[in-house]
Structure formats: C-alpha cells, structure tokens
1. Rounded to the nearest 20 Debye, what is the dipole magnitude of the chain about its Cα centre when Lys and Arg each give +1 and Asp and Glu each give -1 at the C-beta?
2. Compactness ratio of segment 218-306: Cα Rg over 2.2 N^0.38 Å, N = residue count?
3. For segment 382-446, list log₁₀ I(q)/I(0) at each q in 0.19, 0.22, 0.24 Å⁻¹, using the Debye formula over Cα point scatterers of equal strength and ignoring solvent, two decimals each.
4. Which cross-chain or sequence-distant (5 or more) residues have an amide H under 5 Å from the amide H of T334, H modelled 1.01 Å from N in plane?
5. Run lengths n ≥ 4 of DSSP H only: what is the helix-derived mean residue ellipticity at 222 nm for the chain, with -39500 (n - 2.57) per run over all residues, to the nearest 500?
6. When each pair of different Cα atoms in segment 339-383 is counted once in the 1/r mean, what is the Kirkwood radius in angstroms, to one decimal?
7. Tabulate in residue order the Karplus-calculated ³J(HN,Hα) for segment 355-362, using 6.51 cos²θ - 1.76 cosθ + 1.60 with θ = phi - 60°, rounded to whole Hz; enter x for Gly and Pro.
8. If contacts are Cα pairs under 8 angstrom and at least 6 residues apart, what is the relative contact order of the chain in percent?
Amino acid sequence: MATIPFRFRLPLLGILLLVWGQPAAAAGRPNILLLFADDQRADTLGAWGNPAIETPHLDQLARRGFSFRRNYCFGSNSGAVCVPSRAMLMSGRTWFDVKADLADTPLLPERLRNAGYATFATGKWHNGEASFRRAFPEARSVFFGGMADHTKVPVADVRNGVVGPTRTAAKFSSEEFADAAIEFLASAPTHQPFFCYVAFTAPHDPRNPPEAYRERYYRKRPPLPENFQPLHPFDQGFVKDLRDENLAAYPRTPAVLSDQWCEYYGLITHLDEQVGRILSALAASPHGDNTVVIYAADHGLALGSHGLLGKQSVYEHSMRCPLIIAGPNIPHGTTVAFTYLFDLHPTLLDLAGVARPGGLAGENLRPIWAGLRESVRDSVFLPFTDTMRAVRDRRWKLIVYPQIARQQLFDLEKDPGEMNDLSGDPRFEERLQELTALMQSWQARVGDRQPLAIEHPKPGTWSPEGYQRKPDSWQPAWIVEKYF
C-alpha cells in the first residue's frame with residue numbers, strides 16, 4: 001500500500017455537524033472513524049443523563065447516533081484491564097482466546113485492509129509494536145505503552161510499517177492525537193474507504209487536565225457517586241498493593257475524591273473538545289457524508305465507588321463503558337440491549353461488506369439499530385482474573401469471589417449502585433441457584449475453567465493501617481504534592 005501523505009490543515013471552526021442526516025455517498029462502503037477513550041465511565045456523558053459534566057460534542061453525536069446504554073468490557077485477565085480490552089476489540093475474541101500481544105490473530109484493521117480499506121491510527125497501543133505494524137502500516141503520534149503524563153507522552157510515527165524514533169509529543173495528549181487525526185482526514189484517499197483509529201489516553205490518570213478545565217469543575221463541583229464509600233468492605237484481590245488504588249489515601253474522604261472527580265471531569269471535557277475538532281474536520285472533508293463514527297472506551301473506573309479507585313472490579317462502574325455509533329443509514333436511538341466492546345469487530349466488518357469470519361465471540365449490532373432485533377444476548381458474563389466472576393440479566397446480578405469464598409447478589413432494578421447485597425437473605429436462594437447455573441453455562445460457552453469455589457479460600461479481610469503509598473513515575477509534581 002502506498003504511503004498516505006500528511007498535509008497539515010487547520011480545522012474549520014464553527015462548522016455544524018450535519019453529517020448524520022445525509023444519505024450515504026454513492027461510493028458505497030463507508031469510511032470508519034473509531035474514537036476510543038481510556039478509563040471512561042458510562043455515566044460521564046451529558047446526553048446519557050449526567051447534568052454535571054460538559055460534553056457538548058459527544059452529546060451531539062449521541063443525539064444524531066445510536067446509543068448502546070448497556071455496553072461492557074468482557075472482564076480482564078490482569079489488573080491492566082486496557083490490555084485485554086483492546087486485544088478483544090481488535091480480535092473480536094474473548095481474553096480466553098487471544099494473546100495480549102495479538103500474535104497469530106487476524107485483526108480488525110488487517111481484515112479491512114484485505115478488503116481494500118486504507119488504515120491509519122494515532123494514540124495509544126498497549127499490545128506490542130509487532131501487532132500494530134500489521135494493523136496500521138501508516139500512523140502518526142503513536143504511544144506504545146499503558147499510561148504517561150498527558151503533557152509528556154512519548155510518541156512515534158509509523159511509515160510503511162516501520163516505527164520511527166520516539167519523541168515527546170508537542171502538545172497535551174488529546175490535542176496531539178486529534179491533530180494527527182485531523183491531518184489524516186484532510187489527506188485521506190477519496191478513491192478507497194478508510195479506517196481511522198484514534199485511541200486517546202484520556203481520561204486515564206494522571207488526572208492532570210489543562211488547569212482551566214479542572215478549575216471549571218472546582219468552581220462547580222460534581223456530586224460524588226451514590227455508592228461512594230471510604231473503604232471496600234473486603235479484599236477481593238485488588239484493594240491495595242495496586243498502582244490505581246494508591247492514588248488517594250485510605251480511607252477515601254469526600255474532600256479528596258471531590259477534587260479527583262473535578263480533575264477527571266476536566267480531562268473528559270477537554271477530550272470532548274478534541275472530539276469536536278475531529279468531527280468538524282470530518283464534516284469539512286470530502287468524507288463527511290460517508291463515514292461511520294464510533295465513540296467508545298476500553299472500560300470504566302471506580303473513582304470512589306465502593307471505596308475503590310481503579311477499574312479492577314466487576315461492578316457496573318468499572319465494566320460498563322460508552323458506545324455510540326453514528327453515520328449514514330444509522331438512525332438516532334437508544335437501546336439497553338447487552339453489548340460488549342468486541343461486538344464492534346463483526347459489526348464494522350458487516351458495514352464494510354466483509355463476510356463474518358469464524359472464531360469471533362462478538363455479535364453484529366446492526367440488526368438492533370435497524371429494528372430487526374431487540375437484543376443479541378440475554379445476559380452478560382464478566383470474568384476477571386481468577387478472583388471474580390459476575391453474571392447479570394436485565395434485573396439481577398451475581399458476583400462470585402472464588403479465592404475468598406464470597407458472593408454478592410444485587411437487584412439492579414431497585415439498587416443500580418450495587419449497595420444492598422442480598423446473597424445472605426434466604427428468600428433469594430432460588431435466585432442464587434438460577435444465576436449460578438447461568439454463570440456456569442457462560443463458563444462452558446467461553447472456555448472459562450475457573451472453579452467458582454476452591455478448596456482453601458483466603459479470609460478476604462484487610463486493613464489499610466500501616467500501608468505505605470508511593471507515587472508512580474508518571475504523576476506530575478503537583479499531583480504528588482497534593483495526594484501523596
């Protein structure tokens with residue numbers, strides 16, 4: 001494939017996003033623009049019911065597109081949840097069936113390239129350079145890693161499948177990646193469809209948005225989540241000795257978490273503005289009327305919910321994440337059907353006119369927005385390392401902790417915050433049995449061999465007393481001074 005030239009062109013400010021009401025271009029197969037956030041909870045979009053956050057561009061995307069309000073990451077095989085999440089997205093498989101470095105696995109961009117698409121990427125790739133070069137021979141400002149100070153992100157360009165020298169990004173992470181996407185859109189080929197992947201590192205910590213964005217929320221503070229707690233009541237394997245959980249002292253206090261929520265919201269609002277720049281550039285380009293836009297994130301985050309800070313749990317706040325799809329022939333709408341991120345793999349192949357290959361775990365979501373099906377599955381299964389297993393249907397959720405012989409049962413219809421554990425109430429014994437059977441059926445289906453009970457479980461008790469926290473190397477000085 002010939003190298004795609006880069007030509008710098010400033011986005012035309014003030015252009016209205018009129019893309020999604022227009023018919024598909026006569027060219028046929030649509031372009032695909034996938035915008036992917038890092039650590040963004042599903043409840044941090046204004047259009048999805050959060051009045052405390054400012055996300056006008058994402059709200060407009062949601063108003064024109066189709067929202068999947070019960071979208072999940074399919075658990076994780078490590079505390080670095082973004083690694084398997086991205087591997088599952090790119091492979092269309094569960095983490096039981098794909099390697100972290102994506103070796104020996106056909107990837108979504110590869111399949112699209114084989115079908116005639118040009119592929120381009122910018123931003124985070126946490127699954128090794130070799131797989132990236134296969135997927136995206138052309139790329140700009142790529143971050144090969146898990147996290148970095150947003151003001152000092154190490155990035156490299158890729159030309160003809162060769163990774164160039166590493167440099168420090170000239171701008172804040174979200175701006176750097178948006179600039180690369182905008183340049184690509186200005187010079188993308190018009191004779192063939194493209195797949196453009198923009199993987200932001202925001203709102204992952206360090207939570208150091210530009211000062212004006214955090215100050216905006218310091219002045220008008222968002223409320224803490226309803227399920228805020230000072231401490232998680234037991235050790236499920238990820239409550240301490242973990243980088244994510246070190247970002248605030250134990251016990252968590254409302255004052256400290258309030259500041260961190262302001263900083264988190266600041267990152268999201270700044271990210272939203274960069275999304276707006278990209279969408280304006282798309283609307284001004286020749287590709288505006290034939291491009292499907294997807295906005296999603298790799299997983300959620302606790303940030304004080306249940307006394308946790310990270311994403312290493314199977315609670316709703318950590319496993320649910322945004323998913324919006326907009327574009328030609330995609331109506332405005334909302335669904336509460338259960339979806340996974342890896343459903344994007346067969347869905348985008350279908351939109352590109354590529355036959356579904358074998359071995360995929362995901363389901364095509366097009367029948368949902370087309371009104372042909374209400375759902376593609378009746379429940380979701382959330383397996384997390386060897387420490388947690390969860391299953392939920394439309395009302396009930398069971399979490400099993402095999403290593404500590406503990407379980408939780410929640411009525412999500414009455415208790416969406418998962419605060420009232422019903423597992424010890426004898427009135428719900430039959431419900432427990434039904435959900436346990438459902439969990440076991442999921443295990444058989446996906447090849448999960450983790451026993452739900454082990455011979456010598458640990459007690460699961462813990463105390464933060466005497467625990468010494470240390471900042472990681474990516475936290476800027478002001479965050480270290482403030483929180484450590």
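Bear in mind that the values in this text are calculations on the coordinates, not laboratory data. Quick caveat, the model's predicted, so the values are computed rather than measured. Please note: Cβ atoms are built from the backbone with ideal geometry, for glycine as well, and neighbour counts cover all protein chains shown.
1. Rounded to the nearest 20 debye, it is 840 debye.
2. 1.49
3. Per q value, in the given order, log10 I(q)/I(0) is -0.70, -0.93, -1.10.
4. Close amide H contacts, sequence-distant or interchain: S67.
5. -8000 deg cm²/dmol
6. 11.2 Å
7. Values per residue, Gly and Pro as x: 5, 5, x, x, x, 8, 8, x Hz.
8. Relative contact order of the chain: 23 percent.
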